[in-house]
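So the structure is just underneath, and the comments pick up after that.
The values are calculated or read from the model by the stated rules, or taken from the named source; none is laboratory data. These numbers come from a predicted model, not from an experiment. Cβ placement follows ideal geometry from the backbone for every residue including glycine, while neighbour counts extend to all protein chains displayed.
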Amino acid sequence: MLSLDFSTTPRILLRDGALADLPAILAEQGVRHAALVTDAGMVRAGLVAPVASRLREAGLAVTIYDEVQADPPEQVVLAAVEKLGAAGVDGVFAMGGGSAMDTAKLVAYLLRSPGELAGIYGVELAKGQRLPLVLAPTTAGTGSEVTPISIVTTPTDEKKGIVSRRLLPDVALLDPELTLGLPPAVTAATGVDAMVHAIEAFTSRRLKNPLSDVLAKRALSLLSANLPLVMKDGRDKAARGAMLLGSCLAGMAFANAPVAAVHALAYPLGGRYHVPHGLSNALMLLPVLRFNLAAAAPLYAELAPSVGAEGPGAEAFLLAIERLVGVCEMPKRLHELQVTRESLPQLAADAMQQQRLLINNPVELTELDALRLYEEAF
């Protein structure tokens, strides 16, 4: 008998200029002093100051934390909690990619439910309350605005996840204008990242369900149709909006039907070499898809129409994915990122620590398998 337990962000607002609604949304949440969590690149791009001004004009106090780093280290999260706690914020808003949103989730949680990060790594161990939380993605990739997950880099360069429905934000603001300035390489990597989310959700060995399947298929259709368009013209607002929606739907899918070996092999690349998360996933996607073919072929065949495959079947699906990755302006091999061949065994050993993800893979994956996949991607 079908069993289903599905959670997502309660309110999702997608439209051109949606960010203008932020002051009213925060006021509805009872926020009087907002934390604005972002990174220095967003500040340099001139995107942060207008938002802070708009909030202050609406009568809200604002404290900015702009020191978010990619693959946020524990010390960055804790520094944000310390600074924003001392300022007395009573609500959190983040604008940026997955790192900013993941940091903001933990800031909102730890300011309301103080404790050690080490005590909440894992699934549903964060059981306390959090401050009001609103997230606005500036990339169409992570889907973090609709996932109950924060990924943190530990002092030993291991990426660990905190998974709890307490981390789902109150509101996700999807504004295509925030993504218009994305460089082609970031557009490509984050777009493929979102496709990975949809594919892994659809092929997940655990918790795959009818809702996640519908969302994953629709996400893939949107992403595969619009990724070539935004690669050709980054100012195409309609295509940017479609990418944001595709990323969001893929996020909903994998938040409930969890990701697997692509992510497990991508995380060590981020931890050891600080390869951006989206790019790490993009580099490992095709090797893992081929590895999973024996078990996942019927599911790949089912996804083939969603990616514009030129024929039916799993092989047509793989060719369509290869073609989509091929048009993306980004590195295609690990050696292009200064990853050394000598480090591949250590990466394979690191990947084995991601059992939370590997148990979802359609095919069991050993350390030797992981090493072979890294060699294929090298």
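On the given criteria, is residue 325 of a type in the set (Val, Ile, Thr) and part of a loop (DSSP other than H, G, I, E, B)?
Working: of a type in the set (Val, Ile, Thr): yes; part of a loop (DSSP other than H, G, I, E, B): no.
So residue 325 fails the test.
Examine region 248-256 for a residue that is assigned by TED's automatic domain parsing to the domain that holds residue 359, more than 13 Å from the chain's Cα centre (by Cα) and part of a helix (DSSP H, G or I), and state whether such a residue exists.
Of region 248-256, the ones assigned by TED's automatic domain parsing to the domain that holds residue 359 are 248-256.
Remaining after also requiring more than 13 Å from the chain's Cα centre (by Cα): 256.
This time we only want the ones that are part of a helix (DSSP H, G or I), so: 256.
Checked region 248-256: at least one residue is assigned by TED's automatic domain parsing to the domain that holds residue 359, more than 13 Å from the chain's Cα centre (by Cα) and part of a helix (DSSP H, G or I).
Look at region 223-247 and say how many of its residues are over 14 Å from the mean Cα position of the chain (by Cα) and either surrounded by 22 or more Cβ atoms within 10 Å (Cβ to Cβ) or assigned to a helix (DSSP H, G or I) (or both).
First pass over region 223-247, keeping only residues over 14 Å from the mean Cα position of the chain (by Cα): 223-242.
Those left that are additionally either surrounded by 22 or more Cβ atoms within 10 Å (Cβ to Cβ) or assigned to a helix (DSSP H, G or I) (or both): 223-232, 237-242.
Qualifying residue count, region 223-247: 16.
Please indicate, with yes or no, whether at least one residue in region 184-201 is within 15 Å of residue 303 (Cβ to Cβ) and surrounded by fewer than 23 Cβ atoms within 10 Å (Cβ to Cβ).
no
How many of the residues making up region 153-165 are surrounded by fewer than 22 Cβ atoms within 10 Å (Cβ to Cβ) and under 18 Å from residue 127 (Cβ atoms)?
Total satisfying the criteria: 5.
Does region 209-224 contain at least one residue that is out of contact with any strand residue (DSSP E or B) (no Cβ under 8 Å at 6 or more places or on another chain), charged (D, E, K, R) and closer than 18 Å to residue 267 by Cα? Quick ask: steps written out before the conclusion?
Step one: of region 209-224, the residues out of contact with any strand residue (DSSP E or B) (no Cβ under 8 Å at 6 or more places or on another chain) are 209-224.
With charged (D, E, K, R) added as a condition, the list becomes 213, 217-218.
Retained after the next criterion (residues that are closer than 18 Å to residue 267 by Cα): none.
No, region 209-224 contains no residue that is out of contact with any strand residue (DSSP E or B) (no Cβ under 8 Å at 6 or more places or on another chain), charged (D, E, K, R) and closer than 18 Å to residue 267 by Cα.
Working only within region 110-134, note down all residues that are closer than 21 Å to residue 88 by Cβ and at pLDDT 95 or above. If you could, list the steps in order and put the result at the bottom.
In the first step, residues of region 110-134 are kept if they are closer than 21 Å to residue 88 by Cβ; the result is 110-115, 128-134.
Those that are closer than 21 Å to residue 88 by Cβ and at pLDDT 95 or above: 110, 111, 112, 113, 114, 128, 129, 130, 131, 132, 133, 134.
Note down all Cβ pairs under 6 Å where the first residue falls in region 198-224 and is in the same structural domain as residue 364 (by TED's automatic domain parsing), the second is part of a helix (DSSP H, G or I) and hydroxyl-bearing (Ser, Thr, Tyr), and they're at least six residues apart or on different chains.
201/212; 217/306; 220/306; 221/306
Go over the candidates 275, 259 one by one and state the one that is over 14 Å from residue 202 (Cα atoms), touching a residue at least 60 places away in the same chain (Cβ under 8 Å), not in a helix (DSSP H, G or I) and not acidic (Asp, Glu). Break it down into steps so the answer makes sense when it comes.
Numbers: 259 fails: over 14 Å from residue 202 (Cα atoms).
Among 275, 259, only 275 is over 14 Å from residue 202 (Cα atoms), touching a residue at least 60 places away in the same chain (Cβ under 8 Å), not in a helix (DSSP H, G or I) and not acidic (Asp, Glu).
Test of understanding: among 300, 374, which residue is of a type in the set (Phe, Trp, Tyr), touching a helix residue (DSSP H, G or I) at 6+ places or on another chain (Cβ under 8 Å), in a helix (DSSP H, G or I) and within 19 Å of residue 203 (Cα to Cα)?
Numbers: 374 fails: within 19 Å of residue 203 (Cα to Cα).
Selected residue: 300, the only one of 300, 374 that is of a type in the set (Phe, Trp, Tyr), touching a helix residue (DSSP H, G or I) at 6+ places or on another chain (Cβ under 8 Å), in a helix (DSSP H, G or I) and within 19 Å of residue 203 (Cα to Cα).
Given the criterion out of contact with any Ser or Thr (no Cβ under 7 Å at 6 or more places or on another chain), more than 23 Å from residue 130 (Cβ to Cβ) and of a type in the set (Ser, Thr, Tyr), identify the matching residue among 179, 156. Steps first, answer last, please.
Working: 179 fails: out of contact with any Ser or Thr (no Cβ under 7 Å at 6 or more places or on another chain).
Checking each option against the conditions leaves just 156.
With respect to the numbered conditions (1) touching a residue at least 24 places away in the same chain (Cβ under 8 Å); (2) surrounded by fewer than 16 Cβ atoms within 10 Å (Cβ to Cβ); (3) over 30 Å from residue 191 (Cβ atoms), which one is the sole condition not fulfilled by residue 53?
The failed condition is (1).
Of all residues being closer than 30 Å to residue 20 by Cα and out of contact with any Gly (no Cβ under 8 Å at 6 or more places or on another chain) in region 111-135, which is surrounded by the most Cβ atoms within 10 Å (Cβ to Cβ)? Just the residue, please.
135
Please list, ordered by residue number, the strands (runs of 3 or more DSSP E) wholly in region 44-151 having 1 or more residues that are of a type in the set (Phe, Trp, Tyr).
Details: elements: 61-65, 91-96, 133-137.
Hits in region 44-151: 61-65, 91-96.
Does residue 176 satisfy the criteria of being in contact with an Asp or Glu (Cβ under 6 Å, 6 or more places away or on another chain), buried (at least 19 other Cβ atoms within 10 Å of the Cβ) and at pLDDT 95 or above?
Values: in contact with an Asp or Glu (Cβ under 6 Å, 6 or more places away or on another chain): yes; buried (at least 19 other Cβ atoms within 10 Å of the Cβ): yes; at pLDDT 95 or above: yes.
For residue 176, the condition - in contact with an Asp or Glu (Cβ under 6 Å, 6 or more places away or on another chain), buried (at least 19 other Cβ atoms within 10 Å of the Cβ) and at pLDDT 95 or above - is met.
Any residue in region 316-339 that is in contact with a Pro (Cβ under 9 Å, 6 or more places away or on another chain) and of a type in the set (Gly, Ala, Ser)?
No, because not a single residue in region 316-339 is in contact with a Pro (Cβ under 9 Å, 6 or more places away or on another chain) and of a type in the set (Gly, Ala, Ser).
Quick check: is even one residue across region 157-178 under 19 Å from residue 8 (Cβ atoms), out of contact with any strand residue (DSSP E or B) (no Cβ under 9 Å at 6 or more places or on another chain), not β-branched (Val, Ile, Thr) and not in a loop (DSSP other than H, G, I, E, B)?
Yes, that holds for at least one residue.
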